[in-house]
Amino acid sequence: MGKLIRFLPLVLVVALGVVLYRGLSLNPMELPSAMIGKAFPEFSLYGVYDAKTLKTQKDLKSGIKLVNVWGTWCPSCRVEHDFLMQLSKSDRFTIYGLNYDDERGLAQNWLTTLGNPYEFSLFDEEGKLSVNLGVYAAPETFVIDHNNIIRKRFAGPLNPNVWQQEFEPLLAQIEQEQKAGN
Amino acid sequence: MLLRLLSVFIISLVCVFSLPVDANAIDTYEFKDEVTKTRFNALTKELRCPKCQNQNLADSNSPIAADLRREVYDLLKQGKADIEIVDFMVARYGEFVLYRPRVSSLTYILWFGPAFLLLGGVVVVVYVLRKKPKEKTTDILTDEQKSQLDNILKDK
């Protein structure tokens, strides 16, 4: 016992080393969203194109929705845009845009020249809805289910790989729930 | 003379430019009283910017930090208490936005770990000190060792 206790510091240091070493490979930018499982926040915002009528949560279609946070100032949004165009052809869900901290002219120009994957895009100049959603950067994509509950937040550009791994299983699950009538 | 004047000028110029700079992001918020202003400053120092993780809301220039500062300002204006504002942020951005994490089962080790370790250290020290010293074995050198020692000392 007396001899063994001498190794205690070594054991502790090794254990600490293992914990810290693991910490090295974690990505501190990957934050879990605090909004998962909560209802999509209420909003009342103008659209990127339509600056006259306020849109609210009542304007969102029923069924599964993707809400994509974007801005013309965000290079990764440009990267994922082509993939969003592809996704917009699907009828499994509706894609809505949330244009964050942007200028209306630039945003309109972006959608006109690159194509518009969104049912409509909300113009969140002051970040009101974005703050309520806990958005901290663009692009971010939220999955909202048929009950208007936020099921997922993905930070970073979408691509086929990410879609296959992170979104497909969840969509399938929500579709199951929808069928079961929950 | 001219050279001296020039050097004085340069030195004073350097002095002016090295005055401490207030590095906080500049917003033009007006507060109804000093207390609200102090509360605003305290809150934006306590809350962490989700985008630039090693800065607080007060220091960061990122758009999200500006939006969150405005949010804090609006909430203060609505007469919300500090705790409500902090809850508002935590509900949206998670515990992450707090520079001083709350005491919860997840953060026990963070809050009580150091005290626990200190206590452990005290226990070890007391244990070691109170251990009965071993019987002192008097080390006596043999004659041979003595002469060896003498030789070594002589050499010096």
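The values are calculated or read from the model by the stated rules, or taken from the named source; none is laboratory data. Remember, predicted model here, so these are calculated numbers, not experimental data. Cβ placement follows ideal geometry from the backbone for every residue including glycine, while neighbour counts extend to all protein chains displayed. Just so you know, the surface numbers come from the protein's heavy atoms only, side chains and all, with ligands and any DNA or RNA stripped out. Shrake-Rupley method; radii C 1.70, N 1.55, O 1.52, S 1.80 Å.
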task = Output the residue which, of all residues in the range B:59-113 that are assigned to a loop (DSSP other than H, G, I, E, B) and more than 24 Å from the chain's Cα centre (by Cα), is surrounded by the most Cβ atoms within 10 Å (Cβ to Cβ).
result = B:80
note = Of the listed residues (B:45, B:37), the one being at pLDDT 85 or above, open to solvent by 50 Å² or more (accessible area, probe 1.4 Å), part of a helix (DSSP H, G or I) and within 30 Å of residue A:30 (Cα to Cα) is B:45
key: Count - residues of the range A:26-59 that are over 17 Å from the mean Cα position of the chain (by Cα), of a type in the set (A, V, I, L, M, F, W, C) and closer than 25 Å to residue A:89 by Cβ   = 1
task = Output the qualifying pairs, or none if there are none: Cβ atoms under 6 angstrom, residues six or more apart or on different chains, first residue in the range A:19-45 and away from chain B (no Cβ under 14 Å), second residue open to solvent by 80 Å² or more (accessible area, probe 1.4 Å) and not in a helix (DSSP H, G or I).
result = A:44/A:54
Residue list for the range B:29-51, restricted to those being touching a helix residue (DSSP H, G or I) at 6+ places or on another chain (Cβ under 7 Å) and either of a type in the set (A, V, I, L, M) or within 12 Å of another protein chain (Cβ to nearest Cβ) (or both) = B:43, B:47, B:48, B:49, B:50, B:51
ask   = Scanning for something open to solvent by less than 60 Å² (accessible area, probe 1.4 Å), assigned to a helix (DSSP H, G or I), more than 14 Å from chain A (Cβ to nearest Cβ) and at pLDDT below 90, does the range B:4-21 turn up at least one residue?
value = yes
inquiry  = List the residue pairs whose Cβ atoms are under 6 Å apart, where the first residue sits in the range B:53-82 and is farther than 24 Å from residue A:30 by Cα and without any contact (Cβ under 8 Å) to a residue 60 or more places away in the chain, the second is open to solvent by 60 Å² or more (accessible area, probe 1.4 Å) and of a type in the set (Val, Ile, Thr), and the two are 6 or more positions apart or on different chains.
reply    = none
ask   = Here are some residues: A:61, A:65. Which one is within 22 Å of residue A:99 (Cβ to Cβ), in contact (Cβ under 8 Å) with a residue 40 or more places away in the chain and either aromatic (Phe, Trp, Tyr) or surrounded by 15 or more Cβ atoms within 10 Å (Cβ to Cβ) (or both)?
value = A:65
key: Per-region count, the range A:118-164, residues acidic (Asp, Glu), open to solvent by 50 Å² or more (accessible area, probe 1.4 Å) and within 14 Å of chain B (Cβ to nearest Cβ)   = 2
ask   = Can you pull out the residues in the range A:71-111 that are among the acidic types (Asp, Glu) and within 14 Å of chain B (Cβ to nearest Cβ)?
value = A:101, A:102, A:103
remark   = Checked against (1) under 30 Å from residue A:118 (Cβ atoms); (2) not in a loop (DSSP other than H, G, I, E, B), residue A:15 satisfies every condition except (1)
Extreme residue, farthest from residue A:134 (Cα to Cα), among residues of the range A:12-33 that are open to solvent by less than 90 Å² (accessible area, probe 1.4 Å) and out of contact with any Phe, Trp or Tyr (no Cβ under 6 Å at 6 or more places or on another chain) = A:14
